Amino acid sequence: MRCLSCQKLSFNIICKSCQKKYLQPSFHKREIERNFFNYSFYALSDIEDLINSKYYFFGDRVFNILAKLSFKKFAQNFIFHKQIYAIAIDDHTKHGFSHTSILTKHLKSNTIKTIPNLLQAQNRVKYAGKDLKFRQNNPRKFKLANIHDKTTILCDDLITTGATILEGKKVLEEKNNQVLFSLTLADAKI
Ligand SMILES: [Zn+2]
């Protein structure tokens, strides 16, 4: 196939040389609620085309590469004194894969467990380009599977206002789960 970025023939959908040149992650921390932080690896403006691949059939290959470069590396360096559950925000399957589930799966380690389909949105109105007020007026209405009294982290591809993450956090906390932080591939505000 050809590399999406440089068009050269490549074994990967993004060639190794472009991965090195353009996709080195850098860690960003954003406080979205008092003492609650989101960590991300890229500025949205740097990888927007790649994030949008989630709408296409080849998106799983792109997200697997991005996840290896970011989420997987994070998990390899993350140590915690007890078992943690990484929970994908709304990991429903669309176009044959779930991009949030691909990201979350790469966190699997001795410390971090992943279970699919724990937090599903019942309202999937499109948020892209909408402001915080619209998002607050149209909550995701998350439905949580049977998980309680656990230590968790939330995972998504993108943080914009943080409203979705905070909504997911609240639902988890109602079942006495602790949410340590959230982790997103990209941040729209850096
Ligand atoms: Zn390339």
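The values are calculated or read from the model by the stated rules, or taken from the named source; none is laboratory data. Keep in mind it's a predicted model, so treat the numbers as computed, not measured. Cβ: placed from backbone, ideal geometry, glycine included. Neighbour counts: every protein chain shown. The accessibility values were calculated without ligands, DNA or RNA, using every heavy atom of the protein model including side chains. Shrake-Rupley method; radii C 1.70, N 1.55, O 1.52, S 1.80 Å.
Things worth noting here:
- Computed from label points 7 Å out along Cα-Cβ, the spacing between K94 and K21 is 3.2 nm.
- Share of carbon and sulfur in the accessible heavy-atom surface of segment 1-157 [1.4 Å probe, %]: 50 percent
- Across segment 68-74, rounded Karplus estimates of 3J(HN,Hα) from the backbone phi angles (6.51 cos²θ - 1.76 cosθ + 1.60, θ = phi - 60°) give 5, 6, 10, 4, 5, 4, 4 Hz, Gly and Pro being marked x.
- Karplus (6.51, -1.76, 1.60) ³J(HN,Hα), θ = phi - 60°, over segment 17-30, in Hz, Gly and Pro reported as x: 5, 5, 4, 5, 6, 10, 10, 6, x, 10, 8, 10, 10, 9
- Heavy atoms of the protein chains alone define the surface here; on that basis segment 25-187 has 51 Å² accessible area per residue at 1.4 Å probe size.
- Segment 25-187 shape via C-alpha gyration tensor axes, a/c threshold 1.5: rounded
- A convex hull fitted around the alpha carbon atoms of segment 60-135 yields 129 Å³ per residue.
- Of K21/K108; K105/K133; K150/K170; K16/K189; K29/K73, those spanning more than 24 Å from alpha-carbon to alpha-carbon: K21/K108; K105/K133; K16/K189
- Extension gain, K133 to F58, is 23.7 nm, computed as 0.36 nm per intervening residue step minus the present C-alpha separation.
- A simple rule links phi to the HN-Hα coupling: the Karplus curve 6.51 cos²θ - 1.76 cosθ + 1.60 with θ = phi - 60°, which for segment 105-112 gives 4, 6, 8, 3, 7, 5, 8, 10 Hz, with x for Gly and Pro.
- Interchain or long-range residues, amide H under 5 Å from K113's placed H: I84, Y85, A86
- N146-T111 pseudo-label distance in nm [points 7 Å out on the Cα-to-Cβ vector]: 3.0 nm
- Taking every DSSP bridge with both residues inside segment 25-187, close to 30 percent are antiparallel.
- Evaluated with a Cβ-only charge set (Lys, Arg +1; Asp, Glu -1), the chain carries a dipole of roughly 340 debye about its Cα centre, given to the nearest 20.
- Label separation (K68 vs F181): 2.5 nm, computed from points 7 Å beyond Cα along the C-beta direction.
- Between the Cα long axis of helix 163-174 and the first principal axis of the chain there is an angle of about 40°, rounded to the nearest 10.
- Largest mean-square fluctuation among F11, F78, F41, in a Gaussian network model of the chain whose springs join Cα atoms under 10 Å apart, belongs to F11.
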